[in-house]
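The values are calculated or read from the model by the stated rules, or taken from the named source; none is laboratory data. What you are looking at is a predicted structure, and each value in this text was computed from that prediction instead of being measured. Virtual Cβ from ideal backbone geometry, glycine too; neighbours counted across all protein chains shown. Note: areas computed on protein heavy atoms with side chains; ligands, DNA, RNA excluded. Shrake-Rupley method; radii C 1.70, N 1.55, O 1.52, S 1.80 Å.
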Amino acid sequence: MNKNVGKFIRALILVVWAILFGQLLSRDYFVKTLDIRESQAIQRGREESFLGIYFKQERIGYVKNRMIGKDNGGGVLYQDAVLHLNILEKTYPVEMHLQAELSNGSLLENFRFSLSSPFYELNANGAVNGSEVHFTMDTGKDEVSHMIQLNEPPFISTHMRSYLLQNDLIEGEKFKIPYFDPVTMSGKESIIEYKGFKKEIFYRQGRVYKLHHFVETISGIRISFYLDEKGKVIKETSPAGFVFISEPEFRATDIVYKGTEVLSSVSVPAIGRLPDISALSSIRYKLTIPKDINFDLDQDRQTYQDNILIVNKENVPSKDVRVCSGNDKELISTPYIQSDSPYIIRQAESIVNNATNDLEKVRALTQWVYKNLDKKPVLSIPDAVSTLRSKVGDCNEHAALFAALSRSVSIPTRVVAGVTYHEGTFYYHAWNEVCLDGKWISLDTTKNQFPADLTHIKFVQGETNEQIKIGALLGKLKIEVLGESS
């Protein structure tokens, strides 16, 4: 398996997941007050409905929605998704399932969801108490429980969104929607803009619809969706070429086993020739990024001005280097970086047992993760404990496991994401940074690089809820290699 497959998996899976399920557990709190009567939508949406998932005009999966009413006027929403992803000419099946109980006003009461793919399985369940969401996640290897405090009780959006059409909408009108994301277990905010009531041609079905067009921006990712006059989702389009179309069951479930290869759609062909970087201390790139997308590129080893990015290779610290103090945020345990797990702590302590200083600890942990993980795509929401048990993963699992091991022995550690270069192309990738002597230094456990080479361009730092922002770059980023920085 090509080791660079993992460089794109996180971006692809997070974007697909966000499109399929990012709206499921959400609180619709509009800037403009709307008369939201979602219970009416529940009544109209009790039948099954299906969305075919297309990539390059091939149906590679489907989403099934089903709503069952309850005696109290609420309902139970069932949503299932099946995908066949062709990665380097090998098909990887992915299944996602969600069950959510809703109150009469469509407020979320409790939920269960699962994700399964080769080498990985995740099951989660949660319940709402006021504005608190209490949840438990089980990867089959470990179980963790947490609580998320929201500003308001979470509202859930279904495949019927007639509440968006309750009032007379004006083209260009925008709504702000804070919501709860069940994957990252965090609060987010999206912006929905009404684009008008327009004709939309469905070439595959040979039909012309007149639909309400909305554009939703989530973490910089722009998703277009189209509603009929009853508020039913007829079509959604997403970055990287994924399209969701309302279809009858027999058509939506007729998916190809091996569709078009998807890796190329999320890679960035390099413009210009990359010099031999082994002897360089810095390099310059010219980046083309849409004006409405913002990333903090001017930090740590990177400087950015007027679309020119300079990446400076860090000097390897001396042996008497000390870890930074006062970086509590980069030491905490999280649902996916479980640095307080006894299993993680025991493994980390055994790895650094013979290290005599902090630099040796970093090197030992880097080399151990590099040598002990089988480099395969697992199509997962990566977490450290399940990765340590399975010892299988792509760049995302490498970064999550290293962060947990390093934090468990009191080394401040970040997970960062961006792109790196391979054979004429930049691929999306995740790696780490550690704080030593007051400076953040990059390292890549997928490649066993400390520091990481000059082709690593960082766009975000943080876990899943931050890394999903990379989806905004899909199909829009251009990178021109300018050569050594003078």
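Asp444: open to solvent by 10 Å² or more (accessible area, probe 1.4 Å) and among the charged types (D, E, K, R), yes or no? Answer is no for this residue. For region 348-375, a tally of residues being surrounded by 21 or more Cβ atoms within 10 Å (Cβ to Cβ), closer than 24 Å to Gly393 by Cβ and of a type outside the set (Val, Ile, Thr) returns 4. Looking at this structure, is Val409 crowded, with 24+ Cβ neighbours inside 10 Å and β-branched (Val, Ile, Thr)? No; evaluated as a whole, the condition is false for this residue.
Under the condition of being of a type outside the set (A, V, I, L, M, F, W, C) and under 19 Å from the mean Cα position of the chain (by Cα), the residues counted in region 62-95 number 6.
How do the strands (runs of 3 or more DSSP E) wholly within region 265-314 filter down when requiring 3 or more residues that are not hydroxyl-bearing (Ser, Thr, Tyr): which remain?
Details: elements: 268-271, 282-288, 302-305, 308-312.
Those strands (runs of 3 or more DSSP E) span 268-271, 282-288, 308-312.
In summary, Tyr428 fulfils each of the numbered conditions (1) part of a strand (DSSP E or B); (2) at pLDDT 90 or above with the single exception of condition (2). Criterion applied to Thr158, Thr139 was being touching a Ser or Thr at 6+ places or on another chain (Cβ under 6 Å) and at pLDDT below 75, and the one residue passing it is Thr139. If the condition is being closer than 23 Å to Ser278 by Cβ and of a type in the set (Lys, Arg), then region 397-439 contributes only Lys439. Of everything listed in (1) surrounded by fewer than 16 Cβ atoms within 10 Å (Cβ to Cβ); (2) under 26 Å from His84 (Cβ atoms), the single unmet condition for Asp276 is (2).
Scanning region 235-259 for residues that are assigned to a loop (DSSP other than H, G, I, E, B) and either open to solvent by less than 20 Å² (accessible area, probe 1.4 Å) or of a type in the set (Gly, Ala, Ser) (or both) turns up Ser238, Gly259. When you scan region 447-457, how many residues do you find that are open to solvent by 10 Å² or more (accessible area, probe 1.4 Å) and either assigned to a strand (DSSP E or B) or of a type in the set (S, T, N, Q) (or both)? Looking only at that region, the number is 2. Checked against (1) surrounded by fewer than 17 Cβ atoms within 10 Å (Cβ to Cβ); (2) part of a strand (DSSP E or B); (3) modelled with pLDDT of 80 or more, Ile192 meets all criteria but (1). Has region 164-174 got any residue that is at pLDDT 80 or above, in contact with a strand residue (DSSP E or B) (Cβ under 8 Å, 6 or more places away or on another chain) and in a strand (DSSP E or B)? Within region 164-174, one or more residues are at pLDDT 80 or above, in contact with a strand residue (DSSP E or B) (Cβ under 8 Å, 6 or more places away or on another chain) and in a strand (DSSP E or B).
Considering each residue of region 413-424 in turn, none proves to be surrounded by fewer than 24 Cβ atoms within 10 Å (Cβ to Cβ), in a helix (DSSP H, G or I) and touching a residue at least 60 places away in the same chain (Cβ under 8 Å). Taking the criterion of being more than 30 Å from Pro335 (Cα to Cα) and touching a residue at least 40 places away in the same chain (Cβ under 8 Å), the residues of region 459-486 that qualify are Gly475, Lys476, Leu477, Lys478, Ile479, Glu480, Val481, Leu482, Gly483, Glu484, Ser485. Check whether at least one residue in region 325-338 is in contact with a helix residue (DSSP H, G or I) (Cβ under 9 Å, 6 or more places away or on another chain), under 30 Å from Lys476 (Cβ atoms), open to solvent by less than 60 Å² (accessible area, probe 1.4 Å) and assigned to a strand (DSSP E or B), and report yes or no. No, region 325-338 has no match at all. Of all residues assigned to region 384-393, at least one qualifies as being open to solvent by less than 10 Å² (accessible area, probe 1.4 Å) and assigned to a strand (DSSP E or B).
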